[in-house]
1. Would you check if there is a residue in the stretch 204-227 being aromatic (Phe, Trp, Tyr), within 30 Å of Gly124 (Cβ to Cβ) and not in a loop (DSSP other than H, G, I, E, B)?
2. What tally of residues in the stretch 287-315 results from selecting those that are crowded, with 19+ Cβ neighbours inside 10 Å and either farther than 22 Å from Val355 by Cα or among the polar types (S, T, N, Q) (or both)?
3. Mind listing just one residue for me: the one in the stretch 14-59 that is modelled with pLDDT of 50 or more and part of a helix (DSSP H, G or I) and, of those, most open to solvent (accessible area, probe 1.4 Å)?
4. Report every pair of residues separated by at least 6 positions or lying on different chains whose Cβ atoms are under 8 Å apart, first residue within the stretch 193-206 and closer than 15 Å to Glu287 by Cα and touching a residue at least 60 places away in the same chain (Cβ under 8 Å), second among the acidic types (Asp, Glu) and surrounded by fewer than 19 Cβ atoms within 10 Å (Cβ to Cβ).
5. Within the stretch 183-223, which residues are surrounded by 18 or more Cβ atoms within 10 Å (Cβ to Cβ) and within 15 Å of Leu255 (Cβ to Cβ)?
6. Can Thr155 be described as touching a residue at least 40 places away in the same chain (Cβ under 8 Å), polar (S, T, N, Q) and surrounded by fewer than 17 Cβ atoms within 10 Å (Cβ to Cβ)?
7. What tally of residues in the stretch 301-325 results from selecting those that are part of a loop (DSSP other than H, G, I, E, B) and either of a type outside the set (S, T, N, Q) or in contact with a helix residue (DSSP H, G or I) (Cβ under 6 Å, 6 or more places away or on another chain) (or both)?
8. Being touching a Ser or Thr at 6+ places or on another chain (Cβ under 9 Å), within 21 Å of Gly178 (Cβ to Cβ), surrounded by fewer than 24 Cβ atoms within 10 Å (Cβ to Cβ) and not hydroxyl-bearing (Ser, Thr, Tyr): is that true of Arg369 here?
Amino acid sequence: MAAPKEGHRAALLLILLLCGGARCAEALAQDVFRAQGVRYRAEVVATGLGQPSAMVFLPDGRALLIERSTAQVDLLDVKLGAVSHLEGGFAPSDPTRPGVRDEATTPALTGEDAGLHDIALHPGYGANGWIYISYSYGEPERSTTAVDRCRLRGTRLVDRQRIFTAQAYSEDRFHYGGRLAFVGEYLFVTLGDRRHPDRAQQLSSHAGKIVRLHDDGQVPSDNPFFGRTDARPEIWSYGHRNPQGLMVHPKTGELWSHEHGPLGGDKLNVIRRGANYGWPVISWGWEYSGGPIGMGITAKEGMEQPVWVWTPDIAPSGMVDYTGDAFSAWRGSMFIGSLVQHHLNRLVIEDGHVVLEERLMYGKAGRVRLVAQGPDGFIYIGNDGGQLLRLRPEN
């Protein structure tokens, strides 16, 4: 029986020792990979990063990249592979003083699942310059997920504002969620159950939820539970375990998310207003110690069914729907990183159903946490071994 995803540190250490740094990167760059209708290479853009977890491209072609385990925000020239840390790192902001950093604290909480989780640009970034970053906030014994917005000025982040602090505090550092996506000017944030599964069904907690906010953190009055005294008004959907991917479908405008199951049962979902995704009442996975989750059922009236289930689990992370020209055969495919099985997962979806799954670079990609599409049409992936790779056609 496989070990819990949270317990893979010994195996990960062995992988990093055997396949780390420049030697592994050089070997990987020699390979030509073949997938359905495509031959491609994985170029090494940068190494030595601290668990790169997300990146966004700026209008000038540079990228902002966040490192989960070191709480660094980087400026990246993808053509040169030049990485520079922004000045000051990412110390948490003080929620009682918007725009003021809490210089008395250490950088954002790290360790286990904690750290920097995601970064997103406001849809009107060209006019307002807002950058959104989610991260673990608090003390090691009591922490939660927070979202700040800020602006880039030179090599510093300025105008910091705390816009959301999840009421999902826990005594351990697992299951933060923290993925971000904009639908118009509404910001959606995923939040894990913080290893307190029952909270996912409790509307009085943000744990195990996806929330919807205005771009300044205010709560939209048309949220499904707005005005109820027994519910957090920010909640958009609930019954999630640990959502590690979030994106807006470029054609349908639907919000899609994937989440970690326990032992097996990772899920891909279309996120709907006010919907209950079932955790821990229904699950496709098993307890790490063996035996079923709860009553061992996979369906119940009033609870949503997934679009796709991975069993054995792949520990999905990162997520993008490919719209570029570099890989014309892949246009419209959904790409998802795999932490456990070390590959880039490709799904072809038609009419809301998965009709093909393909596993790219299987066993060779490392623990893929970052997945992004560049303005050049290439696919970028980052792994826990500290590599940022660029997939480009062999031709």
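1. no
2. Qualifying residue count, the stretch 287-315: 1.
3. Of the stretch 14-59, the ones modelled with pLDDT of 50 or more are 24-59.
In the following step, the residues that additionally are part of a helix (DSSP H, G or I) were identified as 24-29.
On the way: Cys24: 18, Ala25: 7, Glu26: 123, Ala27: 57, Leu28: 10, Ala29: 37 Å².
Restricting to residues being modelled with pLDDT of 50 or more and part of a helix (DSSP H, G or I), the top hit is Glu26.
4. Filtered contacts from the stretch 193-206: no entries.
5. Answer for the stretch 183-223, where residues must be surrounded by 18 or more Cβ atoms within 10 Å (Cβ to Cβ) and within 15 Å of Leu255 (Cβ to Cβ): Leu187, Phe188, Val189, Thr190, Leu191, Lys209, Ile210, Val211, Arg212, Leu213, Asn223.
6. yes
7. The total comes to 13.
8. Considered against the rule, which asks whether it is touching a Ser or Thr at 6+ places or on another chain (Cβ under 9 Å), within 21 Å of Gly178 (Cβ to Cβ), surrounded by fewer than 24 Cβ atoms within 10 Å (Cβ to Cβ) and not hydroxyl-bearing (Ser, Thr, Tyr), Arg369 comes out as yes.
The values are calculated or read from the model by the stated rules, or taken from the named source; none is laboratory data. As the structure is a computational prediction, the values presented were derived from the model and not from experiment. With ideal geometry, Cβ positions are generated from the backbone for all residues, glycine too; neighbour counts draw on all protein chains shown. To get the accessible areas, we keep the full protein, side chains included, count just its heavy atoms, and leave off ligands, DNA and RNA. Shrake-Rupley method; radii C 1.70, N 1.55, O 1.52, S 1.80 Å.
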